[in-house]
Amino acid sequence: MPRHFIVAGFDFGTSYSKVVLREQNTERAVVVRFNGYADGLLPSLVGYDGANLLPPSADYEGYQIPYLKMLAAHVAAGTSLSDASVRLSPAALARAGDSGTAFIRELLAFYFAHVFAGIRHFVSIASPWRDFNFTPGNTEDHLIFQMAVPTGLLASDGKAEQFFREALVLGHELSGHADPMLAKSIPASTWSEHVKRVDPLSSDKMRKRYQWQCLIYPEVAAAVQTIFRSRNARDGLYITMDVGAGTVDMNAFHRHTGQHLETHANAPHDHMLRYYAASVEPLGVHNLDDPHHAVTLTSVDNLATDVKQAIWVLYLRALKFQPNHGNQLGQRTWDRATLLLFGGGALHWVYPQSFRRGLEDGGINDPQITHLPTPDHLDYPPETDVGRFFVAYGMSFPRFNLDEVQLPHELRTFDELFPLEPENPNTQAEAIEGMCRADSCTHKAMPGEFYCYDHM
């Protein structure tokens, strides 16, 4: 066992990024305070003045490129920057070129490199582990970086996932060129050359080097690790809403910790999250007040309508994988789901109200929305709402302890799993008053279920 085994959980936010360090031997967790950001909130932006890249800071008025996460999602999906919902300066558009892919990738790598440099500086200067050995090749201490990415961006072809991971690896490789104090600029052409020198590393070499480093994980699944790692963690259905500045991440999934369910090719592993629906919507609080003037503002009523519609659509998509069986209100399948609301913008009234109304419109009876509990052993800045660190805290658990995730495109729908046989149209209905199908279980299944509540 290493002397210090630290996992850095990195929440790359739309407006602010957060990092939590967790020492696995002692389970002590600390929020990183970057130079100049004692509140633990590092602006998710870089500056570009037409010639130089400026480190993440709110001080470069007129040169800021905000909402890097949204821009990365756009170019990864093949959308040109000129058609993106985030406005860029003429100088940045000129530098980016037609597609903007290479430019945004360089900006991400630049930002990530400064995050890595800032984390190492914090560990050496201000953390409880100031004796950490950063000597290259050292096996005495380990520092692992893990970043959360929006689940909905990964739900189709994986291009966004690959884009974020490549930029993260580039940032790690080039962190020695970044200023840990977040003060010095770098000519954009020089940084571009740095990226080109690292890029030729073969994919096989990169995979081997980064097998357990610079990992990524769905961010909403990361946030709920606060619950899932507890001894009395509840299995079952979840619908979650993570409210950020620019985006709202919405997810419907089923969590279970056994192998008592299907026996088909996609059978779950231990600690599996099966995402029935995932969506990342540009409906964050900056739609009401954007300090960067980079997005078009909307009214509270319009935002409420859009959020309600988005959660309603998410729920309808989830029904393809898990119908809402049963007749007794409050006891049907989705009536018993756990509903979680969190994130930096979750306190604005429009989100809990729209969350509830969207689920009611979908048919869920009396949805009761709850908030995530405060993590144990977390040292965080008292001036900042602890909820803003939930995702970073979840990412501070080692990857082998996090739940495995299956995304919607990797699953089979309910009808595919349990097809109606022409000669016996009541195949699905047989479970209505039947026994639980889980191995060695003698409990009676709930109306319309194939498994008892303990094994859902």
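Rule-based calculations on the coordinates, nothing more; no lab input. Fair warning: this is a prediction, and the values are worked out from it, not measured in the lab. Note that each Cβ is placed from the backbone with ideal geometry, even for glycine, and that neighbours are counted across all protein chains shown.
Mind sorting ILE144, ILE364 by how few other Cβ atoms lie within 10 Å of their own Cβ, fewest first?
ILE144, ILE364
Kirkwood Rh over alpha-carbon pairs of the chain, then Stokes-Einstein at 20 °C and 1.002 mPa s: what D in µm² s⁻¹, rounded to an integer?
Rounded, D is 92 µm²/s.
With bins 5 Å wide starting at 0, give me the P(r) of the range 4-219 over every alpha carbon pair, in whole percents.
1, 7, 15, 20, 21, 17, 11, 5, 2, 1
Counting DSSP beta bridges in the range 4-219, what percent are antiparallel, to the nearest 5?
Percentage antiparallel, nearest 5: 60.
Out of residues 5 or more away from VAL149 or on other chains, whose amide H comes under 5 Å of its own, with H placed 1.01 Å from N in the peptide plane?
Under 5 Å from the amide H of VAL149: TYR217, GLU219.
What are the lysines whose alpha-carbon lies under 22 Å from the alpha-carbon of LYS159, with same-chain residues fewer than 8 places away excluded?
LYS159 reaches LYS69, LYS196, LYS205, LYS208.
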